[in-house]
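A short write-up of the structure that comes next.
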Amino acid sequence: MDTVADADLEQLLRTRGHRVTRPRRAVWEVLRTARGHLTVEQVALAADALGHDVDLASIYRSLDLLEELGLARSSRLGDSDASRWELAHPDEHFHLVCTSCGEVDHHVGSLVAQVRDHLDAGHGFDVDSVELTVTGRCTRCRDADA
C-alpha cells in the first residue's frame, strides 16, 4: 500500500472482523476524493452528491471506525466544536485555519519536531502526538481586504 488512500477497505474491514456496509464504503469514497478537512455534514453532502443516501448516524459511526482502523483522522480546528475529518497521514503538522473563509491548510516542517524536543527536554513530557492549530487569515482573504 503506497498511501492510506490505496488501502483496500473491504479487505481491512473483514480482516479486523467488521462488516462491509454501504455507509462505510460511501464515507471511504468521500474521504479518498475529498480535498481538505470535512465536517460530518460536509461528508453527508459529498456522499449525497456521489449518489449515496447515508444518514448522519451511520456517517458518524463509519468515521469513528475508519479512525480506529488508522484510515482517517479527526481534528478540532478553530472555535467550532465540530470535528473535521481527513485521510490519515503519518506526518505531524500545523493546521492553518483562516478565520475569514474557513480554509484549512497543512504546514509541515521542522517546527513540530522542535516542539516535541522542547517538551521532552525542557519539561520531561513524553509526547504521543502533536497537532497544532494556528488561526489567522489566508492570503486570499487578506488580499481581498487590501
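Both numbers refer to the Cα atoms of the range 1-65; Rg and Dmax are 11.5, 31 Å.
If r is the Cβ-Cβ distance from H118 to E41 and R0 is 41 Å, what FRET efficiency results, to the nearest 0.05?
The calculated FRET efficiency here is 0.65.
The length gained on full extension between D128 and D105, counted as 0.36 nm times the residue separation minus their Cα-Cα distance, comes to 6.0 nm.
Each semi-axis of the equivalent ellipsoid for the chain is √(5λ) with λ an eigenvalue of the Cα gyration tensor; in descending order they amount to 29, 22, 12 Å.
Pairwise alpha-carbon distances in the range 91-146 exceed 19 Å for 42% of all pairs.
Rule-based calculations on the coordinates, nothing more; no lab input. The structure presented is a predicted model; accordingly, all values stated were derived computationally and were not measured. Glycine gets a Cβ as well: all are built from the backbone with ideal geometry, and neighbour counts include every protein chain shown.
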